[in-house]
Amino acid sequence: MLSQLDSRKYWLVHQILLLQDENLLEKVELFWKNQIKTHSILKPMRKKLRIEDLIEEQNYKGFDYQNYTRLSKELNITEPIEQLLADI
């Protein structure tokens, strides 16, 4: 006896075999291709996620405030941050 999952698969294949409309078949193909692409991109999350692990994996260095201060002095930025943001 077939499992419920296998029965559903056979039913779906049968429905596809019965298709007469080529446009509908193309839509099914595109849908399936998109599902495969999406599935290959997504990865399951870990059961335990630690910020330290992410920092190490992504080689995160953090914000370098001293470098920021040095660059802002070199560029001679005198406008207040509010004005700079408003100009964007």
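Points worth noting:
- In the stretch 50-85, the qualifying residues are those that are open to solvent by less than 100 Å² (accessible area, probe 1.4 Å), at negative phi and not in a helix (DSSP H, G or I), and the one that is modelled with the highest pLDDT is D64.
- Residues of the stretch 8-49 classified as at pLDDT 90 or above, part of a loop (DSSP other than H, G, I, E, B) and not acidic (D, E), total: 2
The values are calculated or read from the model by the stated rules, or taken from the named source; none is laboratory data. Computed from a predicted structure; not experimentally measured. We work out accessible area using only protein heavy atoms, side chains counted, and drop any ligands, DNA or RNA first. Shrake-Rupley method; radii C 1.70, N 1.55, O 1.52, S 1.80 Å.
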